[in-house]
């Protein structure tokens, strides 16, 4: 097997490069607006002409290829699982490859563990986390269930088949590991940004989610729209009810989502505002909520802003809320000051803001996620939190080459989520651990249609980074980079 290095040296476009870029631009312009936006988010022009052209061409080819993954044909809870396993932030090409594998795994029968005891099922559930995706989860469960049966099999003895009913294990349905509204009959489908899935009907009463029963006397909790998976489900439900007119479901709570919620509430006898509260949640996920009339077209938020931008109350331990535009501006400005957010503050808490927050949290010893809470707000307010300049997070170019797009396609982009070098994307399998100037961790790198287990090793010294990562079984060849300004 050929060894693969983390640094993929891509040759500069020579004769014909300009014409090739022009053709690529024309192909991009020919896409529908939603898919064009998806490709543009996947392939920023900061990559430079050569990398940008290569990236865009791959994404367009993936979008145009026949046989799009049939995610919409799966049960709603399985759609959610696929979309969480295959982030659309990876772009059309990698999303498609991932989704095809997950759909293939879910289209065949799932492992039957009903003959095992509840203790055995929970043991297997702990061993086989759903975060690995349907394909790996299915393989893991089949393997572990077989091991349990071999280890505990006794002649003439069955595994608690007719014992008194036990509490439902998450293994009874992969979807039960996902936090949901407490009225399971009315659960909506979910997907991700640019997912190509179509709205589905309300969850049938025969769904495995019926096993997740709310304890008697418990109080329904308001779901947190700052959580990406929650915002995605709310957007999907609004689209299913006909008020959100878009194929891109990205979890960004912007003007389109706010208008959709406001108009849904008005159609269902609730206040004509975009305030997210328990009555709104109950109505939205209820089976009897009114749908939008066929003639409904969402208004332009620039000309019809009545009832929009009702403030979100800050959660315990915080004074700011990222979904309030003024608060988002402050957070973005602070992240920009520290070098994590490399854009002008705009007041919309989108995917770039979430990624910047995740990088900041990973660098400052917090959980490497995009959750906004008291600990991250307190850390941001510190006089001297760890800046991005002390981390590997950001854009780097090979030493001796300028960062300008025209001169250097040899660029590496590092974040808490993963590393991008040319056509290779490495997904971190855990946080990058810091030891003085060294940052290390495990990653799964996707290259040439293969998934390769890799060891990431980066040393940062000022504006210089030395990459000693090992992709698969390759030999370590240290490569030096300079930080792009």
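Bear in mind these aren't lab numbers, they're just calculated from the coordinates by the rules spelled out. Since this is a predicted model, take the numbers as computed values, not measurements. For neighbour counting, all protein chains shown are included, and Cβ atoms are generated from backbone atoms with ideal geometry for every residue, glycine included.
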Item checked: Checklist (1) buried (at least 23 other Cβ atoms within 10 Å of the Cβ); (2) part of a loop (DSSP other than H, G, I, E, B); (3) out of contact with any helix residue (DSSP H, G or I) (no Cβ under 9 Å at 6 or more places or on another chain) applied to residue 372, failing item -> (3)
Next item on the list: Go through the range 429-440 residue by residue and tally those that are outside any loop (DSSP other than H, G, I, E, B) and surrounded by fewer than 20 Cβ atoms within 10 Å (Cβ to Cβ).
Entry: 5
Margin query: If I filter the range 96-104 for residues that are in a helix (DSSP H, G or I), in contact (Cβ under 8 Å) with a residue 12 or more places away in the chain, at negative phi and surrounded by fewer than 16 Cβ atoms within 10 Å (Cβ to Cβ), do I get at least one hit?
Written below: yes
Next item on the list: Could you run through the range 249-289 and say how many residues are touching a residue at least 40 places away in the same chain (Cβ under 8 Å) and part of a loop (DSSP other than H, G, I, E, B)?
Entry: 12
Next item on the list: Could you please find all residues in the range 458-478 being crowded, with 16+ Cβ neighbours inside 10 Å, in contact (Cβ under 8 Å) with a residue 40 or more places away in the chain and part of a loop (DSSP other than H, G, I, E, B)?
Entry: 469, 472, 474
Next item on the list: May I ask you to verify whether residue 278 is loosely packed, with under 14 Cβ neighbours inside 10 Å and within 18 Å of residue 238 (Cβ to Cβ)?
Entry: yes
Notebook entry, point to check: Quick one: would you say residue 322 is in a loop (DSSP other than H, G, I, E, B) and within 19 Å of the chain's Cα centre (by Cα)?
Noted result: yes
Item checked: Matching residues, the range 105-150, being assigned to a helix (DSSP H, G or I), more than 30 Å from residue 37 (Cβ to Cβ) and under 20 Å from the mean Cα position of the chain (by Cα) -> 136, 137
